[in-house]
Amino acid sequence: MKKIILVFAGVLIAAQSFSQWSLTGNANTTTSNFIGTTDANDFRIRTNNSTRLTINSAGYAGVGATPESTSRLYSYYNVGNTYAQGSVYSASRGRISGTSTRANGYLGAAYFAPLTLDGFPISLNYMGVLGVKEDATGFGAGVVGWNKNAASGGTNYGIYGLANGAIAFGQTTDKNIGVYGRASGNIHNIGIYGSAPGSLDYAGYFTGRGYFSDKVGIGTESPSAMLTLDAPTSTSLMSLRSNGVTKMFVNASGYLGMGTTTQTSVIEVDAPAATSPFKLSIAGTTRLLMSTTGRIGIGTTVPTARLHVKTTTDGSCGYFSNYQSTSASILGVEVQTQNFAGPTFGLSASSIGSGENYAVVGKSIGAGTQNIGVWGEGSIGNTGTAYGVYGKVSGGSTTTPVYAVYGTSSGSANHWAGYFNGTTYAGSLRVGTTGSASGYIASIGGKLICEEVK
């Protein structure tokens, strides 16, 4: 009887030893062997009699924390009030180290020693993901987002940053940033880098506003102004559009076109119908304008001629000067008109006012051998009458006479109010009197001396 009892006890002990996992390893395991529970209770792993890992009956795990229903693996790390400089605390950390390169990845990280990392934002103490590429050798990245989906019909992101937190009313300095990159130190350090070799790819794509606090270079790494464009040879520099229509265009030659992309001048404007193509203003007042009909107004916004100059202050509406040292003739103003159906005026002037009015004033000063205030010349070969200077008046009275041509002289006896060197015609001649003797073509108010009268 004793022998039977001893054999049964040995079998029981052997069976119990085979049902437990050995601390030094196990052999002959199968797919049916496992460590865990067969009921709805949580599975826990402890160290120092404190729970370190918990897996609940639904398969959600918590490291140092109770599992959450929204995360397959949930972990957090709570540190005390004293932090060592240069320390990064995280819920999870992965490290790759070698002889020349070293990289660290932190998940759920906290950093409280900003002075030990050059350029690290001082206010950035908590990070969801922190990637650090150490050492200067080798190629590497702190964080890499890799989207390798080639067949999806939707939008896929390698890295997606979202900032939609609320900012208190009136607060203008706080910012929520989706993706932040900073580069400092030696040249060619890049905060954010994007590369798109394909013609339909984008190195950077922004659907909202963009802000740059310093110079921006397009086609150059050394911008000399806030915006510098350096296009390759035979490539246009700039095209500005509105709703798909080009409004301003700078071609490869540097010619600026507004409303056109085929400009052949340095500046070319092609305005829409009923739109002024050009206007210059000073302090809100229009000084120069081209109307929709192609008329240019200086000092007026409603030019009534091809060139209309208007001023309301003392001085000249226009001033022309031509200074040369040459024996050839020089012209101050040259006007040419041509009309085969009606009167043609090379120069038409009118003066309106209640004082002394001068429509055209010719004044010649200088030390030349011949100074002419007004010069008129009728060209030869005409079938009609040609006039060098033509004057016509109407109206007036005996007390307020009007004169077609008026000349006055003062000074020496060699000054002439009128001088005609050639055949002269007068329909009625009056000398020394404004009255006319009835029935006589010539009336002289005074003595007459001559060498011969016929």
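The values are calculated or read from the model by the stated rules, or taken from the named source; none is laboratory data. This one's a predicted model, so the numbers in the text were calculated from it and none came from an experiment. Glycine gets a Cβ as well: all are built from the backbone with ideal geometry, and neighbour counts include every protein chain shown.
Ala40: part of a loop (DSSP other than H, G, I, E, B), at pLDDT 90 or above and hydrophobic (A, V, I, L, M, F, W, C), yes or no?
Values: part of a loop (DSSP other than H, G, I, E, B): yes; at pLDDT 90 or above: yes; hydrophobic (A, V, I, L, M, F, W, C): yes.
Judged against the criteria, Ala40 is a match.
Quick check on the stretch 262-276: of everything there that is of a type outside the set (Ser, Thr, Tyr) and touching a strand residue (DSSP E or B) at 6+ places or on another chain (Cβ under 9 Å), which residue is farthest from Ser236 (Cα to Cα)?
Of the stretch 262-276, the ones of a type outside the set (Ser, Thr, Tyr) are 263, 266-274.
This time we only want the ones that are touching a strand residue (DSSP E or B) at 6+ places or on another chain (Cβ under 9 Å), so: 263, 266-271.
Values: Gln263: 12, Val266: 14, Ile267: 15, Glu268: 16, Val269: 17, Asp270: 19, Ala271: 21 Å.
The qualifying residue farthest from Ser236 (Cα to Cα) is Ala271.
For the stretch 267-281, which positions are more than 22 Å from the chain's Cα centre (by Cα), aliphatic (A, V, I, L, M) and within 17 Å of Val245 (Cβ to Cβ)?
Passing the criteria: only Ala273.
Specify which of the listed residues (Tyr89, Tyr77) is modelled with pLDDT under 70, of a type outside the set (Gly, Ala, Ser) and at negative phi.
Numbers: Tyr89 fails: modelled with pLDDT under 70.
Sole residue among the options that is modelled with pLDDT under 70, of a type outside the set (Gly, Ala, Ser) and at negative phi: Tyr77.
Quick one: which residue in Lys447, Lys392, Lys454 is out of contact with any Cys (no Cβ under 7 Å at 6 or more places or on another chain), of a type in the set (Lys, Arg) and within 27 Å of Glu334 (Cα to Cα)?
On the way: Lys447 fails: within 27 Å of Glu334 (Cα to Cα); Lys454 fails: within 27 Å of Glu334 (Cα to Cα).
Going through Lys447, Lys392, Lys454 in turn, just one is out of contact with any Cys (no Cβ under 7 Å at 6 or more places or on another chain), of a type in the set (Lys, Arg) and within 27 Å of Glu334 (Cα to Cα): Lys392.
For the stretch 355-376, name all the residues that are of a type in the set (S, T, N, Q) and exposed (fewer than 10 other Cβ atoms within 10 Å of the Cβ).
Narrowing the stretch 355-376 to residues of a type in the set (S, T, N, Q): 357, 364, 369-371.
Selection gives Asn357, Thr369, Gln370.
Tell me, which strands (runs of 3 or more DSSP E) wholly within the stretch 175-265 include 2 or more residues that are surrounded by 13 or more Cβ atoms within 10 Å (Cβ to Cβ) and among the β-branched types (Val, Ile, Thr)? Before you say what the answer is, go through the steps one by one.
Details: elements: 216-218, 227-229, 238-242, 245-250, 256-258.
By residue number, 245-250.
Mind checking which residues of the stretch 392-406 are loosely packed, with under 10 Cβ neighbours inside 10 Å and modelled with pLDDT of 80 or more?
Looking only at the stretch 392-406, we keep the residues that are loosely packed, with under 10 Cβ neighbours inside 10 Å, and these are 392, 394-395, 397-400, 403.
Lys392, Ser394, Gly395, Thr400, Tyr403, listed by residue number.
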